Amino acid sequence: MNTKAFEILSLDGRVAVVSGAASGIGRETSRRLAEFGCAVALLDVDEERGRQAASEINAAGGRALFIHCDVRSNDDCRLAVENAVAAFGRVDILFNNAGLVVRKNTVDCAESEWDRAVDVMLKGTFLLSRHVIPHMASAGDGSIINMGSGWALKGGPNAVSYCAAKGGILNMTRAMAIDHGPQGIRVNCVCPGDVDTPLLRSECAQTGRDEAEFMAEAARRPLARVGTPGDVANAVLFFAGDLSKWVTGAFLVVDGGGIA
């Protein structure tokens, strides 16, 4: 790789905060960012898997720290960002990834289930961002990547709270890009389709369907497969680094052509 190409791809000296980092897309993205030289603060409520994920990055020669954080809590988000800055000195990249799926329609979805889904995804994106943005603004630079979904762009069956939260995150991304672009902060959204993660498997369990049949149906798209966490991690990597320096308020669909 020539020097110029390495400089464009490198994240050396940068620091990322990743929520929902103990498994699936968040875990793989944390690893990918570390591979390109980024120090990573991994946020999650799952202590065991979160610490394991951070240990794996450190064992591979990267720099990572696990921080317990319930993104529904303003205090947790504030302390998580403070701890990340104390450990690494700055925050350059935020990946708002924490999420869950409740496969129920409007009538069947309990108020508590609605609140939890919207609070983890939409409110969590708001809370972490509000504590990270002042650090990015002080530096005059930063990249926030919000986790959307194909169902942020179109409706999906029996997932009203998920669709509402993801639709809100997509338009929140645009609003944040407008508000904070003058501070040098870019805000973009990644919108995956079905990705083979524990979250997707939990969807299958909630629907009560045969897992093999469920996964085969999920693969029925132009590229004829379910996505991998690495597919989405690569999209986040694009938004995190200098290849996307003039991209903000945008969304990137990563779904194998599922909504084409």
Residues being of a type in the set (S, T, N, Q) and more than 13 Å from residue 72 (Cα to Cα) - total across the range 121-140: 1
Failed condition for residue 143, given (1) assigned to a helix (DSSP H, G or I); (2) more than 19 Å from residue 74 (Cβ to Cβ): (1)
Enumeration of residues in the range 1-47 that are within 17 Å of residue 77 (Cα to Cα) and part of a helix (DSSP H, G or I): 26, 47
Out of the range 83-124, which residues are surrounded by fewer than 20 Cβ atoms within 10 Å (Cβ to Cβ), under 24 Å from residue 208 (Cα atoms) and basic (Lys, Arg)? 104, 116
Looking at the range 48-98 only, could you name the residues that are in a loop (DSSP other than H, G, I, E, B), farther than 30 Å from residue 115 by Cβ and in contact with a helix residue (DSSP H, G or I) (Cβ under 9 Å, 6 or more places away or on another chain)? 60, 61, 62, 63, 90, 92
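Here is a yes/no grid of residues against (1) touching a residue at least 60 places away in the same chain (Cβ under 8 Å); (2) among the aliphatic types (A, V, I, L, M):
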| residue | (1), (2) |
| --- | --- |
| 168 | no, no |
| 200 | no, yes |
| 230 | yes, no |
| 251 | yes, no |
| 260 | no, yes |
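This table checks each residue for (1) of a type outside the set (Phe, Trp, Tyr); (2) more than 16 Å from residue 149 (Cβ to Cβ); (3) at pLDDT below 95.
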| site | (1), (2), (3) |
| --- | --- |
| 184 | yes, yes, no |
| 202 | yes, no, yes |
| 207 | yes, yes, yes |
| 241 | yes, yes, no |
| 246 | no, yes, no |
| 250 | yes, no, no |
| 256 | yes, no, no |
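Is the range 74-81 home to any residue that is more than 21 Å from residue 123 (Cα to Cα), of a type outside the set (A, V, I, L, M) and buried (at least 16 other Cβ atoms within 10 Å of the Cβ)?
Residues of the range 74-81 more than 21 Å from residue 123 (Cα to Cα): none.
Looking through the range 74-81, none of the residues is more than 21 Å from residue 123 (Cα to Cα), of a type outside the set (A, V, I, L, M) and buried (at least 16 other Cβ atoms within 10 Å of the Cβ).
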Out of the range 148-184, which residues are in a loop (DSSP other than H, G, I, E, B), more than 19 Å from residue 113 (Cα to Cα) and among the hydrophobic types (A, V, I, L, M, F, W, C)? 153
Quick check: anything in the range 54-65 touching an Asp or Glu at 6+ places or on another chain (Cβ under 8 Å), closer than 22 Å to residue 188 by Cα and free of Cβ contacts under 8 Å to residues at least 60 places away in the same chain? no
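Name the residues in the range 1-43 that are among the small types (Gly, Ala, Ser) and surrounded by 23 or more Cβ atoms within 10 Å (Cβ to Cβ), would you?
Going through the range 1-43, the residues among the small types (Gly, Ala, Ser) turn out to be 5, 10, 13, 16, 19-24, 26, 30, 34, 37, 39, 41.
Hits for the range 1-43 are 16, 19, 20, 21, 22, 26, 30, 34, 39, 41.
Filter the range 66-125 down to residues that are acidic (Asp, Glu) and more than 23 Å from residue 139 (Cβ to Cβ) and give me whichever is farthest from the chain's Cα centre (by Cα). Even if it seems obvious, please write down each step before you answer.
The first filter runs over the range 66-125 and keeps only residues acidic (Asp, Glu), leaving 70, 75-76, 82, 92, 108, 111, 113, 115, 119.
Cutting the leftovers down to more than 23 Å from residue 139 (Cβ to Cβ) gives us 70, 75-76, 108, 111, 113, 115, 119.
Working: 70: 15, 75: 20, 76: 18, 108: 28, 111: 25, 113: 21, 115: 20, 119: 15 Å.
Of everything passing the filter in the range 66-125, 108 is farthest from the chain's Cα centre (by Cα).
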Would you check which residues across the range 101-121 are out of contact with any Phe, Trp or Tyr (no Cβ under 8 Å at 6 or more places or on another chain), among the hydrophobic types (A, V, I, L, M, F, W, C), part of a loop (DSSP other than H, G, I, E, B) and in contact (Cβ under 8 Å) with a residue 12 or more places away in the chain and list them? 109
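The values are calculated or read from the model by the stated rules, or taken from the named source; none is laboratory data. In this text, all values refer to a predicted model and were calculated from it rather than measured experimentally. Reconstructed Cβ throughout: ideal geometry from the backbone, glycine too, with neighbour counts over all protein chains shown.
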